[in-house]
1. Please return the longest stretch of the chain lacking exposed loop sites, where GluC sites (Glu not before Pro) count only if DSSP places them in a loop and at most 11 other Cβ atoms lie within 10 Å.
2. Treat each spin label as a single point 7 Å out from the Cα along the C-beta direction, and report the A26 to Q200 distance in nm.
3. Over the chain, what relative contact order in percent results from Cα pairs under 8 Å that are six or more residues apart?
4. What do you get when you divide the Cα radius of gyration of the stretch 111-172 by 2.2 N^0.38 Å, with N the number of residues?
5. For the stretch 111-178, which trypsin sites (Lys or Arg not before Pro) are in a loop by DSSP, counting at most 16 other Cβ atoms within 10 Å?
6. Name the residue farthest towards the positive end of the dipole of the stretch 183-231 from the options V224, A189, M206, assuming +1 on Cβ of Lys and Arg, -1 on Cβ of Asp and Glu, about the Cα centre.
7. Among (i) 1.16; (ii) 1.62; (iii) 1.04, only one was calculated for this model; which label is it, if the read-out is Cα Rg over 2.2 N^0.38 Å?
8. Would you compute the Debye intensity of the stretch 179-227 from its alpha-carbon atoms alone, equal scatterers and no solvent, and pass along log10 I(q)/I(0) at q = 0.17 Å⁻¹ to two decimals?
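Bear in mind these aren't lab numbers, they're just calculated from the coordinates by the rules spelled out. What you see is a predicted model, and the numbers here were worked out from it, not measured in a lab. As a convention, Cβ positions derive from the backbone with ideal geometry for all residues, glycine included, and neighbour counts pool all protein chains shown.
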Amino acid sequence: MKLPILHGQDAELIRRLEDFNKRMNAAPEEDSLKTYQGWKYLPVDYIENQLREDFAGLYQITMQSERRELNEYIVVARISVYHPIAAQWMQYDGIGVAQITQNRVPELDANGKVKKDANGKDITRSAELVEFDNTKQKNALEMNAPKAYSEAIKNAAKKLGKRYGGGLNRQHVDSYEPQYSNEMDRETAEKELEECKSQQEVKDLMLRYPDMATNKEFKKKATVKFNSFKV
């Protein structure tokens, strides 16, 4: 489907929007990434700093809801940003989950006594879910609740684009292509191509419009124009 060619203020607005989207969908620098058990992620402090830079400090992070579900603490967080080009507030929600830590349980023998290892230390096992009320670690939520909140923030931030972790750890990720801007550039480039008077001018034109190098229709026209000049 061929996109309409925009002109004037509409064209300028679309170009600025797509330029901003291109920035949001640029991959973060490798040294900003952290790894946990083979999974890459962006730390919350990095995300907060990027929000300050990209949105001139005009952002808010709020907790929309929180609850305990069995032995897990679940948080829904919202990132609100004031879009610098669209000039309106936009919201992105994310969910985060953290398991509430439980104390290990002593293993008992047939007589109800705690089993000992070869060094005389108590043998313990992981607590079962049905034992949660009796094994929940004291003040566990002081650690687990902030973790769930941080995970919710990171999950919401991914919706802003690759710059904020979108696409990390996925096997296939599509690249962002500014459709309207490319179409407008193609129209302008084709007009300039018609005015080229030498092979060198065709080469210079391709350098000015690098995105056209992947446009099959334009490349075909440029090749025909290039070959039309005698060497």
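1. Longest run free of exposed loop sites: 129-231.
2. It works out to 3.3 nm between the two label points.
3. Relative contact order of the chain: 21 percent.
4. That ratio works out to 1.93.
5. Within the stretch 111-178, the qualifying trypsin sites (Lys or Arg not before Pro) (loop, at most 16 other Cβ atoms within 10 Å) are K113, K115, K121, K138, R170.
6. V224
7. (ii)
8. Each listed q corresponds, in turn, to -0.41.
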